[in-house]
Amino acid sequence: MSSQAILSDQDLLKNREIGKSVNSKLGKKLVTGQGQFIDDLHLPGMLYARFVRSPHAHARIISIDTSDAKAYPGVELVWTAEDIDPYVKPFGHPSLTRADEEALASDKVRYVGDEVAIVLAKTKNIAIEAADLVRVEYEKLPAVVGIEDALAEGAPVVHPTLSDDPNCEVKGNLLNTCHVHVGNYEDPLSDADIIVEGSFKTHKTNPSPLEPHGCVAHYDRAAPKLTLWSSNQVPHLLRKYVADTILNLEVEQVVCKMPDIGGGFGVKLELFSHEICASVLAMVTGKPVNMVLDRIEELKAGRGRHPETFTAKLGLKNDGTIVGMDIDMFQNTGAYGSFGKTIAFSAMATCSGPYPIPNQRITGSVVYTNVMPGSAVRGYGDPQFTYVREQLVDMAAEELGMDPIDLRLKNVPRIEDMPLRTPSGLKWVNSDMPECLHIVRDRLNWDKERSSPKTNDGKLRGIGMATIMKRAGNKSAKGADYSSAIVQMNHYGQVTVFSGICS
């Protein structure tokens, strides 16, 4: 190689990208309509599937008449649980002691939108029209939609089979109770001079991604190999979950491919009924199967953030030092467990936020109800706990007559304290919280804005702030930390990154 082809150190420094704003490699493709999403995938002979969903929150399935739907021109088949159950096992989040979901409901439905039957047809419109011809006879059952109703004595049980199983953790509608105990957890407020307390409630939200849940499945009988294209955020885990759920299918026979994903926000982090059903139908028919939810289905069954209720107390010294926290949290996980347990415990482990509170008693209860299941929406439970904790800190600041930022400055660790272990045992590597708070104070013009609320138009405009701490990584989840990458640098300083992450 000639000397002219070798870049000098100065050339490399001049052309480096560090410290520069870099345009997205995908941005132009997506904003010009060149993205490739699930519904953009067209395979020869592809069939289209549509669910028949429950209109009831809680009901027993008496009978299902599929004759009219099967006779509809263009329909390939109509299946119920009786048809698909020989091919699959119940499924659910790995944290559950016993799987609580079925590909299609067999005995009863547990929320409005639960999957009851599936229609496979030559076009999407035919599948939609034929699904309306399926006649399901239900016996309506009393439903529980709120936490208090679900935990009341004599409440209808969402999963009686699980509750009656002595080897299962479920008791009535209580799926699980977990605890975080730190310091004097039996009486965490005993050293406090003042105590602030309150009851709080957060509501269910649905991120409703621009691209709904959906997939295309294709089965090569000669290989044999199942290829699943899915709008799913965890291709490596999805591959394992599909193989674990479909009988006589090894993980080596499953290939999961992720096209561009039109939004996920955490609700596409698990295995869903449409992925199981599309895969089995592709294996049985030998034809590709498309199954993409519409917007109404997304809102009914696309999952969302868990609603939670809290009874919470925060104890402080007269000088503002936080000495204890006592919280009872109840999470409405909906009809199926999904991420409920892991979200509850993960958020509880960081619920003290950036404040090293020495004494903590945190209890979290995960409760089944007859509403759409919750899932791992962005923040993974932390926003709910942060809302409660930061409200308490503001209440304490008012009680003590302190500025809210000053109270936070008194309780956050300094950069010289790093690295440290939080009281709940998490490693905190590097953070200069005081500097962060001072910058926020300066840029918001905090002191002036706090002292002079704008009321010229008759409206009160306040200013507030909050802190949040979110842990990263998944090392505590057995068998679930699949993150890896390969980085290659050539002679010219150009870097290529090979990664399994989704778009």
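The values are calculated or read from the model by the stated rules, or taken from the named source; none is laboratory data. Please read all numbers here as calculations on a predicted model, not as lab measurements. Counting neighbours? That spans all protein chains shown, and the Cβs are built from the backbone with ideal geometry, glycine included.
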State the number of residues belonging to the stretch 136-154 that are free of Cβ contacts under 8 Å to residues at least 24 places away in the same chain and crowded, with 17+ Cβ neighbours inside 10 Å.
0
Going residue by residue through the stretch 175-197, is there one that turns out to be among the aliphatic types (A, V, I, L, M), within 30 Å of the chain's Cα centre (by Cα) and surrounded by fewer than 20 Cβ atoms within 10 Å (Cβ to Cβ)?
no
Please indicate, with yes or no, whether at least one residue in the stretch 269-282 is surrounded by 20 or more Cβ atoms within 10 Å (Cβ to Cβ), touching a residue at least 60 places away in the same chain (Cβ under 8 Å) and in contact with a Pro (Cβ under 8 Å, 6 or more places away or on another chain).
yes
Return the pairs, sorted by first residue and then second, in which the second residue is aromatic (Phe, Trp, Tyr), the first residue lies in the stretch 39-62 and is in a loop (DSSP other than H, G, I, E, B), the beta carbons are less than 6 Å apart, and the residues are 6+ apart or on different chains.
Leu41/Trp229; His56/Tyr138; Ala57/Tyr111
Subset of the stretch 205-242 (residues that are out of contact with any His (no Cβ under 7 Å at 6 or more places or on another chain), part of a loop (DSSP other than H, G, I, E, B) and either assigned by TED's automatic domain parsing to the domain that holds Tyr387 or within 28 Å of Gln331 (Cα to Cα) (or both)):
Asn206, Pro207, Ser208, Pro209, Leu210, Glu211, Pro212, Asn232, Gln233, Val234
For the structure I just gave you, tell me whether Ile343 is under 28 Å from the mean Cα position of the chain (by Cα) and either of a type in the set (A, V, I, L, M, F, W, C) or within 30 Å of Val109 (Cα to Cα) (or both).
yes
Test Ile84 against the stated conditions and say whether it is closer than 23 Å to Leu249 by Cβ and either outside the structural domain of Arg239 (by TED's automatic domain parsing) or surrounded by 21 or more Cβ atoms within 10 Å (Cβ to Cβ) (or both).
yes
Filter the stretch 102-131 down to residues that are surrounded by fewer than 18 Cβ atoms within 10 Å (Cβ to Cβ), more than 20 Å from Val144 (Cβ to Cβ) and free of Cβ contacts under 8 Å to residues at least 60 places away in the same chain, then give me how many there are.
2
With the requirement that a residue be more than 30 Å from His56 (Cα to Cα) and of a type in the set (S, T, N, Q), what does the stretch 330-387 give you?
Ser346, Thr350, Ser352, Asn359, Gln360, Thr363, Thr386
